[in-house]
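Contents: one structure, followed by commentary.
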Amino acid sequence: MENKEYKVSKEITDMFEDMQSYFDCRDSAIKNVFGWKRAAYFAKRGNQVRAEAWKRVAALYPELQGIECHYNYTSGTVKITSV
């Protein structure tokens, strides 16, 4: 498979950005002694948003289903990680 970038919608881009925000909040909460509940919440939400974002990418580009990909925050595209 060629090394191609796949554009995604603004909605999917927002989901990936939300996911990253949840993980940043999780990392911040982990540093607080009493923040474990909050960290667990942010981790759970981040994973839910990630799963939904990748589900929508697979619906948009069925040929990517089951292929290892990554999201590029700078360009707003999905790229195949390995061939």
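The values are calculated or read from the model by the stated rules, or taken from the named source; none is laboratory data. All values reported here derive from a predicted model rather than from experimental measurement. Cβ atoms come from the backbone with ideal geometry, glycine included; neighbour counts cover every protein chain shown. Ligands, DNA and RNA are stripped out before the accessible areas are found, and what is left, the full protein with its side chains, is counted by its heavy atoms. Shrake-Rupley method; radii C 1.70, N 1.55, O 1.52, S 1.80 Å.
Considering only protein heavy atoms, what is the solvent-accessible area of Glu11 at a probe of 1.4 Å, reported in Å² to the nearest 10?
Solvent-accessible area, nearest 10 Å²: 100 Å².
Taking 20 °C and 1.002 mPa s as the conditions, I'd like the Stokes-Einstein D for region 36-76 in µm²/s, using the Kirkwood hydrodynamic radius from alpha carbon pairs.
183
So what is the accessible area of the chain per residue, in Å², with the probe set to 1.4 Å? Please report the intermediate quantities before stating the final value.
Values: 5730 Å² over 83 residues.
Solvent-accessible surface per residue comes out at 69 Å².
If one takes the longest principal axis of the Cα atoms in the chain, at what angle in degrees, from 0 to 90 and to the nearest 10, does the Cα axis of helix 10-30 lie?
The answer is roughly 30 degrees.
Which value, in Å³ per residue, describes the convex hull spanned by the Cα atoms of the chain? Before the final figure, lay out the partial values.
Numbers: hull volume 7.6 nm³, N = 83.
Considering the Cα atoms of the chain, their hull volume per residue is 92 Å³.
How far is helix 36-60 tilted, in degrees, relative to the longest principal axis of the Cα atoms in the chain, given as a value from 0 to 90 rounded to the nearest 10?
The angle comes out near 10 degrees.
Note down the nm distance, to one decimal, between modelled labels 7 Å out along Cα→Cβ at Thr81 and at Asn47.
Going by the 7 Å Cα→Cβ label model, 1.6 nm.
Taking trypsin sites (Lys or Arg not before Pro) as exposed when DSSP calls them loop (any state but H, G, I, E, B) and at most 12 other Cβ atoms lie within 10 Å, what is the longest stretch of the chain free of them, the sites themselves excluded?
Numbers: sites that count: Lys4, Lys31.
Longest run free of exposed loop sites: 32-83.
Top to bottom by accessible area (1.4 Å), largest first, where do Thr81, Thr74 land?
On the way: Thr81 70, Thr74 135 Å².
Result, largest first: Thr74, Thr81.
At 222 nm, what helix-only mean residue ellipticity would the chain give, in deg cm²/dmol to the nearest 500, using -39500 (n - 2.57) for each DSSP H run of four or more?
On the way: 2 runs with 46 residues, N = 83.
Using -39500 (n - 2.57) per qualifying helix, the result is -19500 deg cm²/dmol.
Using a Cα distance threshold of under 16 Å, what count of lysine pairs results for the chain when pairs must be 8 or more residues apart or interchain?
Taking the chain as the scope, the lysine pair count is 5.
Just going by the charge dipole of region 40-82, with Lys and Arg at +1 and Asp and Glu at -1 on Cβ, which of Tyr73, Val49, Pro62 is farthest out on the positive end?
Towards the positive end, the residue furthest out is Val49.
What percent does the relative contact order of the chain come to when contacts are Cα pairs within less than 8 Å and at least six residues apart? Display every interim value, and only then the final one.
Values: 87 pairs, mean separation 32.2, N = 83.
That works out to 39 percent.
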